[in-house]
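Since the structure comes first, as structure tokens, the remarks are kept for the end.
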Amino acid sequence: MAKEIDISNVQSYLKALHCHLRWDLIEILKEGPKSSDEIFTELTDPNFHQSEKNEQCENQCTHENLKKHSLYYHLRELEKVGIIELDAYKPSEENRAPEKVWRLNYDKLIIKFRD
């Protein structure tokens, strides 16, 4: 599914996509729905190919120091603009709360500059 946005909405998408770690989240979810734990495991794997860091992150969004609560923050930022969405809840082990399973919501994002 494609999402078309007009120029007045671009800023919120740029804010959600400014961080290289969020692009890595999108890259992981291109393969299909994944749980928060699966995403965390993949991002923190030393063999994971990371996207280029940008100046705006000021090295705050690093894979090496990624904590679960930081991952949830980045997932929520992508969810706010609808790039990803909750797909399901996965039962967790050890009587913990169910784990969220995420999926990409769009195949493409189109910016409409004029009507």
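Identify, please: which residue in segment 64-115 is more than 13 Å from the chain's Cα centre (by Cα) and of a type in the set (D, E) and is, among those, nearest to H20 (Cα to Cα)? In this case the residue turns out to be E64. Determine, yes or no, whether E99 is at pLDDT below 95 and loosely packed, with under 13 Cβ neighbours inside 10 Å. The answer is no for E99.
Look at segment 97-110: where a residue is free of Cβ contacts under 8 Å to residues at least 60 places away in the same chain and a partner is of a type outside the set (V, I, T), sitting 6+ places away or on another chain with Cβ atoms under 7 Å, you get P98/Y89; P98/K90; P98/P91; P98/S92.
Filter segment 40-51 for residues that are outside any helix (DSSP H, G or I) and of a type in the set (S, T, N, Q); which is surrounded by the fewest Cβ atoms within 10 Å (Cβ to Cβ)?
Here is the first cut: in segment 40-51, the ones outside any helix (DSSP H, G or I) are 44-51.
Of the ones still in play, those that are also of a type in the set (S, T, N, Q) are 44, 47, 50-51.
Working: T44: 15, N47: 5, Q50: 14, S51: 13.
Taking the candidates together, the pick is N47.
Evaluate segment 22-39: report whether one residue or more is touching a Phe, Trp or Tyr at 6+ places or on another chain (Cβ under 8 Å) and part of a strand (DSSP E or B). Yes: segment 22-39 contains one or more residues that are touching a Phe, Trp or Tyr at 6+ places or on another chain (Cβ under 8 Å) and part of a strand (DSSP E or B).
Checked against (1) farther than 18 Å from L109 by Cα; (2) assigned to a helix (DSSP H, G or I); (3) modelled with pLDDT of 85 or more, Q56 passes all but condition (3).
Each residue in segment 67-86 was checked for being surrounded by fewer than 16 Cβ atoms within 10 Å (Cβ to Cβ) and in contact (Cβ under 8 Å) with a residue 24 or more places away in the chain, and 4 pass. Checking each residue in segment 15-46 for being polar (S, T, N, Q) and either closer than 11 Å to L71 by Cβ or at pLDDT below 95 (or both) picks out S36, T41, T44.
The values are calculated or read from the model by the stated rules, or taken from the named source; none is laboratory data. Bear in mind that the values here come from a model prediction, so they are computed numbers and not experimental data. Cβ: placed from backbone, ideal geometry, glycine included. Neighbour counts: every protein chain shown.
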